[in-house]
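Heads up, the thing below is written out as C-alpha cells.
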Amino acid sequence: MQYVSTRDSSLRVCAAEAIVRGLAPKSGLFVPQTFPKADLSGWKDLSYPELAEKVLAGFLTDYSPDFLHDATAATYGAAFGGKAGQTVKVHDGLYAVELWHGPTCAFKDYALQLMPKLLVEAKKMLHRTETTRILVATSGDTGKAALAGYADLDGIEIEVFYPNDGTSEIQRLQMATQTGKNVQVYAVNGNFDDAQTGVKRVFADASVAEELEKRGIRLSSANSINWGRLVPQIVYYFYAYFRLVEQGAAAWGSPVDFCVPTGNFGDILAGYYAKQMGLPVGRLVCASNKNNVLTDFLRTGTYDARRTFYKTTSPSMDILISSNLERLLYHVSGSSEKVAAWMQQLAETGVYTVDADTLAKIQESFAAGCADDAAGFTEIKARFAEDNYLCDTHTAVAFRVAKDLGTETPMAVLSTASPFKFPRDVLTALGEEAPASDFAAMAALTAATDAPAPESLRVLDTLPVRFTDSIDPADISAAALR
Ligand SMILES: *Cc1c(COP(=O)(O)O)cnc(C)c1O
C-alpha cells in the first residue's frame, strides 16, 4: 500500500515513511492511495486486539505480521481494562461507543498507545538512527495521551504545547505532572489554533530542520495529521458495528449511523475510511460546538474560518481549522491540484468554496449539526435523568446533534472522554453546585451519580508538578530548537 500527499499525488511513500515523516512536503497530508476491503463475516467475532491486527494489516503492508500481532496485543489488552471499544445501549435506537477506558480517559489513547510502537518500528525498518523530536499542539486530550504513549522511549523526545487557560484543571495537571526523561510541556499564551499554527510553522521552516539535522534530530508529529494517528481509529467503527449486531440493535448488513464530536476531523474521518472498506455505515454525523465552521461547510461547501473563536465547555472541539478535512477533500475530489488551491486560499484569505460535485459527494456520507454549551448541558441532564447515562461535555454535543437530526437508523454516538475529565461542568449541567476545584468536583460527581472516578484522574493532585513554563506563540520555534 502506497501513500500519496494530498497536495501532490505524484509523491508516493510506504506507510513507515509516512509515519516517520508525519507531514508531507509543502504541508500536504499523507493518505492511502486505495482502501483495503474488509472481511466483515471473518472479522465479526474477533477480540479488539485481533480486529485491530486485521485492520492495520490492510493499510500497513510494509510492517511484518508478527510485529502487528504483538503491537496490537500489547496495546489493547490490559491498558484498556478489557473495555476497548465498549458499546452500550443508552435507549432504544441510541448507543454509546465508550472510547475513554484507556489510560488517559479520552479516545486519543486508541491511537497514541499504538503509534509510538509504529514509529519505533518504522525507524528500524528504514534504518534511521536519528533522534525523533515529536512536537504536539493540543487542545487538551492529545497532549496527555501522547506524553503517556511516548514517555521514556529510546530515540524519541516529545514536546507538547497546550493553550494556557484552554484546558480543564484535570487536563492541565495530567500534562504538567507527566514523568519521563524525554518529555517537555509548554503552556502557550493563546488558543488552540495559535498553538497548532505555531507548531505547523516550525514544521514548514527549513532553517529549523537544518539546524536540528546538524544535531542528529528530526522533527515528527503526533497530531492527527500523522497517518499513524488515524489508522488505529478505524478499528472501533468495525468493533462497535459488530457489537450492535450482536446486541440485536442492528440487522447484519444494515446501516448504522455514527455521530462524532468533532474538532480536527480525525475521529470522524476514520469512520469514512471504515465505510470505504465496506462497513455498512449510514450517515457520519459531524457534531460541532459553537465553533461550527464544519457544520456550515458540510451544509454549504464554503469553509469560512473568518469568524469569532469561542472558548466552550468542550475544549477539545474548539477549533477553527480542522486539519483532516483536507484528507476528505482529496478522497472525494481525487485532485491534489484542487486541494492545494483550496488550502492556499484558506491560508491566504481564511475561506474557500469547493465545487458542487465535491460537495455532493461529501454529503452522500456526511451530515452535520452543532450545539452550544447550554444545549450540551441540557443533554447531559436529560441523558442522566431519562437513561441513567452519564456523559462528558464533548459527548453531550454529539447526543444533542443526534437527537436534533432524528433518524430511524440505529445511531451510535462516539463517547470521546470520561465525564470525570470535566467534573465541574458535568456537575453544573446536572444542576448541582460545583466546588471550585476539579478534585472536589470529582468526588461530588461520584456522590451525585454513583459513577466511580477513574483512578488515574483521582491521584493527579498528589503528583509533583514538573512543568510550569508558559510561552508566546512566536516562541514555539525557539522551544522546538532548545
Ligand atoms: C480530540 C477530541 C475530540 C475531537 O476529535 P477530532 O479527531 O479532533 O475531531 C472530541 N472529543 C474529545 C474528548 C477529544 O479529546
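No value in this document is a laboratory result; all are computed from the given coordinates. Remember, it's a predicted structure, so these values are computed and weren't measured experimentally. Cβ coordinates were reconstructed from backbone atoms using ideal geometry, including for glycine residues, and neighbour counts include every protein chain displayed.
With respect to Ala340, is the statement that it is away from the ligand (no atom under 16 Å from the Cβ) and on the phi < 0 side of the Ramachandran plot true?
On the way: away from the ligand (no atom under 16 Å from the Cβ): yes; on the phi < 0 side of the Ramachandran plot: yes.
Yes; evaluated as a whole, the condition is true for this residue.
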Can you give me the number of residues within the stretch 39-58 that are closer than 20 Å to His331 by Cβ and surrounded by 20 or more Cβ atoms within 10 Å (Cβ to Cβ)?
2
Is there a residue in the stretch 232-246 that is within 13 Å of the ligand (Cβ to nearest atom), buried (at least 24 other Cβ atoms within 10 Å of the Cβ) and small (Gly, Ala, Ser)?
no
Of all residues in the stretch 347-366, which are within 19 Å of Cys286 (Cα to Cα) and among the β-branched types (Val, Ile, Thr)?
Thr353, Val354, Thr358, Ile362
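Within the group Ser333, Ser314, which residue is surrounded by fewer than 23 Cβ atoms within 10 Å (Cβ to Cβ), touching a residue at least 12 places away in the same chain (Cβ under 8 Å) and of a type outside the set (A, V, I, L, M, F, W, C)?
None of the others qualify; the one that does is Ser333.
Listed here are the residues, each with its yes/no results for (1) farther than 18 Å from Pro419 by Cβ; (2) under 15 Å from the mean Cα position of the chain (by Cα); (3) of a type outside the set (Asp, Glu).
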| residue | (1), (2), (3) |
| --- | --- |
| Asp62 | yes, no, no |
| Ala79 | yes, no, yes |
| Gly93 | yes, no, yes |
| Phe107 | no, yes, yes |
| Glu121 | yes, no, no |
| Arg128 | yes, no, yes |
| Thr131 | yes, no, yes |
Going through (1) of a type in the set (A, V, I, L, M); (2) within 19 Å of the chain's Cα centre (by Cα); (3) away from the ligand (no atom under 15 Å from the Cβ) one by one, Ala374 fails only at (2)
Write out, first by first residue and then by second, each pair whose Cβ atoms fall under 7 Å of each other, whose residues are 6+ apart or on separate chains, and whose first residue, in the stretch 424-452, is assigned to a helix (DSSP H, G or I) while the second is among the acidic types (Asp, Glu).
Arg424/Asp438; Val426/Asp392; Asp438/Glu169; Phe439/Asp461; Ala444/Glu432; Ala448/Glu432
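Out of all the residues in the stretch 256-267, which are of a type in the set (A, V, I, L, M, F, W, C) and near the ligand (Cβ under 6 Å from one of its atoms)?
Restricting attention to the stretch 256-267, the residues satisfying the condition of being of a type in the set (A, V, I, L, M, F, W, C) are 256, 258-260, 265.
Within the stretch 256-267, just Phe265 meets the criteria.
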Sort out which residues of the stretch 115-170 are of a type in the set (Ser, Thr, Tyr), part of a helix (DSSP H, G or I) and within 16 Å of the ligand (Cβ to nearest atom), and write them in order of number.
Thr142
If Thr409 satisfies every condition in (1) surrounded by fewer than 21 Cβ atoms within 10 Å (Cβ to Cβ); (2) assigned to a helix (DSSP H, G or I); (3) in contact (Cβ under 8 Å) with a residue 40 or more places away in the chain but one, which is the exception?
(2)
Cβ contacts < 9 Å: first residue in contact (Cβ under 8 Å) with a residue 60 or more places away in the chain and within 22 Å of Cys370 (Cβ to Cβ), restricted to the stretch 257-281; second residue within 8 Å of the ligand (Cβ to nearest atom) and among the aromatic types (Phe, Trp, Tyr), any location; separation 6+ or different chain. Result?
Asp267/Phe107
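Residues Ala251, Ala270: which one is in contact with a helix residue (DSSP H, G or I) (Cβ under 8 Å, 6 or more places away or on another chain) and away from the ligand (no atom under 13 Å from the Cβ)? Before you say what the answer is, go through the steps one by one.
On the way: Ala270 fails: away from the ligand (no atom under 13 Å from the Cβ).
Residue meeting the stated conditions: Ala251.
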